[in-house]
Every structure is written in structure tokens, then in C-alpha cells.
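To start, the structure itself, in C-alpha cells.
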Amino acid sequence: MILEVAPLDVVPGREDDFERAFAEARELISASPGFVDLELQRCVERPNRYLLLVRWETLEDHTVGFRQGPLYPKWRELLHHFYDPFPTVEHYRSL
């Protein structure tokens with residue numbers, strides 16, 4: 001199991017729009033092969049910061065299957081314009 005971790009800094013004032021777009025984008029990612037589940041959490045101290053946690057069966061399910069697959073262009077269209085700066089994504093596995 002792989003955990004994708006991405007802190008998302010949303011342009012201040014665009015949080016409601018981001019959350020609406022994410023509700024649509026959630027359906028895209030959850031339809032991707034190898035997707036297990038996700039959490040989106042909002043920071044209490046910095047309300048324009050979110051933490052995205054996505055569990056995948058394998059690293060390649062995310063990096064190849066999703067990011068290079070047919071669902072990713074719509075994901076990008078829905079979400080990428082909200083970020084400033086663009087997020088750094090990291091992957092973790094349990095020991």
C-alpha cells in the first residue's frame with residue numbers, strides 16, 4: 001500500500017470554489033485502477049491550506065495509471081489553477 005501526501009495551498013479566497021471542484025475531481029480519482037481511498041483535510045490555522053492523502057495499491061497506480069491515464073487531464077483542469085505554489089507530492093509506505 002502506498003500513501004500519496006500532498007499539501008495543497010489554495011489561492012486565498014478561492015477555498016469554496018476549490019472544495020466544489022474537488023468534489024467533482026474526487027469521482028475521477030476514485031475511478032482510477034489501484035485507488036484505495038482518500039482524505040482531504042483543511043488546516044485550522046491556515047484555512048487556505050489542505051492536506052490530500054490518497055492510498056494506492058502500488059506507486060505505479062498513481063504515477064503511471066492515474067497521472068498518465070485518461071482521467072488525469074480532467075483532474076488537472078478542475079484543480080491545478082487553484083494552487084499557489086504548485087504542490088509537491090510525496091509517496092510513503094508503511095514499515
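Charges only on Cβ, +1 for Lys and Arg, -1 for Asp and Glu: so what's the dipole of segment 2-84 about the Cα centre, in debye to the nearest 20? Don't skip to the end; give the middle numbers.
Numbers: 10 positive and 16 negative charges, 21 e Å.
That gives segment 2-84 a dipole magnitude of about 100 debye.
Can you tell me the Rg and Dmax of the chain, counting just the alpha carbons, in angstroms?
Computed over the Cα atoms of the chain, radius of gyration and Dmax are 12.9, 39 Å.
Quote the FRET efficiency, to the nearest 0.05, computed for THR63 versus TYR83 with a Förster distance R0 of 25 Å and r equal to the Cβ-Cβ distance.
On the way: r = 19 Å, r/R0 = 0.75.
With R0 = 25 Å, the Cβ-Cβ based efficiency is 0.85.
No lab work stands behind these numbers, since they all come straight from the coordinates. Since this is a predicted model, take the numbers as computed values, not measurements. Neighbour counts are summed over all protein chains in view; Cβ atoms, including those assigned to glycine, are modelled from backbone coordinates with ideal geometry.
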